[in-house]
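We did not get these values from a lab; they are worked out from the coordinates using the rules stated. From a predicted model like this one, the values you see are computed outputs, not experimental measurements. Neighbour counts run over all protein chains shown; Cβ positions are idealised from the backbone, glycine included.
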Amino acid sequence: MVDPQIIREWLDKADEDFGFADFALKETEFYSPTCFHFQQAAEKYLKAFVIARELPFKKVHSLAVLLESCREGGLPSDAVLMDAANFLDGCYVDTRYPVHWPGGYTKEKAMQASEAAARVRDAVYTILGKL
């Protein structure tokens with residue numbers, strides 16, 4: 001059995017990323033890093049679920065891949081949640097490095113990232129509860 005403290009640490013880090021991104025969305029116009037932190041929050045929520053359900057831990061950053069793993073542990077991966085994962089996957093690389101394509105990170109896109117990350121968070125907390 002996994003030590004609940006380890007799961008709680010992952011969830012706390014995810015909540016921290018989500019809280020930071022939520023603050024940045026409301027208080028700044030730095031939408032690219034805001035989207036990155038929403039992606040990071042969702043990634044950590046899913047990794048907390050993987051750990052809690054003792055699933056094989058994959059060292060990946062793709063939320064779609066992690067969501068597929070989480071399905072084995074009982075996390076529903078319906079179309080809405082998969083759409084959220086795919087949307088946030090697009091916020092991982094081009095928010096961190098100079099790219100040769102337009103990122104188009106606007107307040108609207110950051111709000112979409114917030115909603116997507118919240119869907120992942122809520123799905124994980126619904127199954128795991130508040131540890």
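Taking a point 7 Å from the Cα of Phe57 along the Cα-to-Cβ direction, the residues of segment 9-37 with backbone N closer than 20 Å to it are 9-17.
Work out the charge dipole of the chain with +1 on the Cβ of Lys and Arg and -1 on the Cβ of Asp and Glu about the Cα centre, then indicate which of Ala118, Leu88, Met1 is farthest towards its positive end. Sorting the options by dipole projection puts first Met1.
Computed on the Cα trace of segment 2-120, the radius of gyration divided by the Kirkwood hydrodynamic radius gives Rg/Rh = 0.98. Once both labels are positioned 7 Å from their Cα atoms along Cα-to-Cβ, the gap between Asp83 and Ala64 label points is 1.5 nm.
With neighbour counts taken as other beta-carbon atoms within 10 Å, the residues Asp15, Asp22, Asp122, Asp3 rank, fewest first, as Asp3, Asp122, Asp15, Asp22. Taken about its Cα centre, segment 4-128 carries a charge dipole of roughly 240 debye when the Cβ of each Lys and Arg holds +1 and the Cβ of each Asp and Glu holds -1.
Which residues in segment 52-85 have a backbone N closer than 18 Å to a point placed 7 Å from the Cα of Asp3 along the Cα-to-Cβ line? It comes to 52-55, nothing else.
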